Structures are given as structure tokens and as C-alpha cells.
Amino acid sequence: MRNLVNSIAKKAKGIKFNFHLTMEKRHKIEGLIFVSPFIIGVILFFLFPLYMSLKLSFGKIISMVGFKIRWIGIQNYVRAFVIDINFLPMFWEITRNTLIQTPLIIILALIIAVVLNKNIAMKGFFRTVFFIPFLLGTGEVMRQLLSQGVDRQVLSLANSNILPYTLLNYFGNDVVTTIDNVFGMLVQILWKTGVQILLFLAGLQSIPESLYESAKIDGSTEWEMFWKITLPMISPVMLLCIIYTLVDSFTDIKNSMLSYIQEFAFRRTQFEYAAAMGWIYFAFIIVLVVVIMAIMKGYIYTTEAERGGKRRARKNVNV
């Protein structure tokens, strides 16, 4: 027996264990380490409430003691689409406003990020200025500002800050009110571009300067370099900004749908119906995000394939 153990030990000494990790595997492990607190938090504090809300949406509470639920099928979902006259119009209004504001936020944030990425004076100051509204204009602060009409007062025609009263009289109240509403929406959009600007700046600064230098040597204009170099290179960052903007818009403090769900849950104590509306809203957001990711992933894959083909062509030419 002792001889067998000694022979196994000798063989084990001759075995070399290779724990070498590639750079890609190291990056994956680092990413898992950084997101591990979020994953643990979701498992411990989010999965069970999520399951209970889904179960509640298909049932009816028969006793609050022990939280006993009776299965009733899709009655709560049918109520949202067939019986409730406020749900679908409110749902459509929120969706329409989000789909209108999201492209505007992305385009405006990209334009501002491109300008701030140039060699301009006080570049750091302007970057801070555009991010301050995000820090101040969230939660209860934003609710108070909007309730006081600050968004319309910043760029208002009615108070003659931009045009005198003598000229405003020729437009009429309806035109002035419409223009004030548009200006108010623009102010809100500017307030929501802080995070997107920082993300776009990070993406722009990761583009190698040699690409722009070679393009200038070939005689490309600024407009051509934007479409052929800048936009394809920051397409992954643009996907992140679009997803963030969508989720942020659907969970905005002004979102009437969330207030409507909270009203049924905590004021009318109809938790079952509120859970059903919440799951309809959540499912729509997930489907919309998946569709946009599929579209953008196709564009990203196409641009990466084109860049790979160009690199191979250059290598063949050099050879």
C-alpha cells in the first residue's frame, strides 16, 4: 500500500498544471467580478418579488393573512385591454412620447459630444455643465421643477424673454402656447442628455486618431469622416445609449403609467390588477429593447465585417 502511494505521488509531481489564461478570458473574469454584486443582489432581493408579482397578476388575493392567492387566469390582463378605458390611451401616449424623444436625445447628445471632443476652449467646463442637470434633475427635484413649470419658463415666448409683446400679439395665444410647449420639450431633452454625452465622449476618444489622419490624406471631408469612421466606430456605444434612454424614458418621474399602476396598487389596493398592468408594461419594454438590439447588432456586425474586409485588402496590397 505504501509503495502504491509513493508511486502515485511521484507521478503527481511530474504532472504540470497549466492555469494560463488568455487576455479574453481575463477580461471576462474581471467583468464577472465587477457585476457579481448586482447578480447577487438580483438573486437575493429581486427574483422572489418578481415571481410573486407574476403569480399575483394571474390570481386574486383571498386573504392578506399569509398572502393567499386564488388562480383566476388572464382575467386581470383582459381587464387592462378590454374593460379599462384609460390603460390603452395612456400606454399609447407614453410609447409615442418615448419613441419621439429618444431619437432627439440621441442625436442631440451625439452632436454635443462631437463638439465637446474638439479642441475648444474651456472644454472641461462645458462637459461639467452638460452633466449637472442629470445630477440635479432627478427624482423629487425634477418633480418640483416640472410642477413649477421651469421647463417652459427657461425658453418662453409668453414672458417676452425672447420676443417683445408687440411682436407676440401678431402670432396669437395658440401659436405662442405651441411654441412654448416645443421649447419646454427641448429643455427636458437637454436635461436628459448628460449620461449619453459622457458615453459618446468615451466612445469618440477611443477612436484612433490615425484613422482620421489617413482619411484627411485621402481627401475626405469632415462629413464623410463622420459617416464612414465616427458613426461606425461608436455604434456599440450608440446601442448602449439607446437602451439606456429607452429604459430611462419608460421609468421617468413624469411617467403617468407608473403613477396609474401605483394608484391601483396602493390607493385602491387592487394589487392583482396593478401587477398585471406592470407585467404588460414590462413585457412591452423588453420586446422593444430586444428588437432595437437585434437591429443595431445587425448594423454593428455589418460595419465590423466591412472594417475587417478593408484591413485584409490593405494587407494584400502591402504584400
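The values are calculated or read from the model by the stated rules, or taken from the named source; none is laboratory data. What you see is a predicted model, and the numbers here were worked out from it, not measured in a lab. Because the Cβ atoms are built from the backbone with ideal geometry, glycine has one as well, and the counts that use them run over all protein chains shown. Protein only, heavy atoms only, side chains kept; ligands, DNA and RNA dropped before computing areas. Shrake-Rupley method; radii C 1.70, N 1.55, O 1.52, S 1.80 Å.
What the table below lists for this structure:
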read-out: Area accessible to solvent at Trp191, 1.4 Å probe radius, in Å²; value: 50 Å²
read-out: 3J(HN,Hα) from dihedral phi, the range 224-229, Karplus parametrisation 6.51/-1.76/1.60, rounded to Hz, x for glycine, proline; value: 5, 5, 5, 7, 9, 10
read-out: In sequence order, calculated HN-Hα J values of the range 232-243 (Karplus, 6.51, -1.76, 1.60; Hz; x Gly/Pro); value: x, 6, 9, 4, x, 5, 5, 4, 4, 5, 5, 4
read-out: Cα shape, the range 253-294, gyration tensor, a/c 1.5 rule; value: oblate
read-out: ³J(HN,Hα), Karplus 6.51/-1.76/1.60, whole Hz, each residue of the range 87-101, x for Gly, Pro; value: 5, 5, x, 5, 4, 5, 5, 5, 5, 4, 4, 5, 5, 7, 6
read-out: Separation in nanometres of the label points that stand 7 Å from Cα toward Cβ, at Ile120 and Arg79; value: 5.3 nm
read-out: Over 24 Å (Cα to Cα) - which of Lys118/Lys192; Lys118/Lys216; Lys60/Lys254 fall in this group; value: Lys60/Lys254
read-out: Protein-only accessible surface order, largest first, of Phe91, Phe67 at 1.4 Å; value: Phe67, Phe91
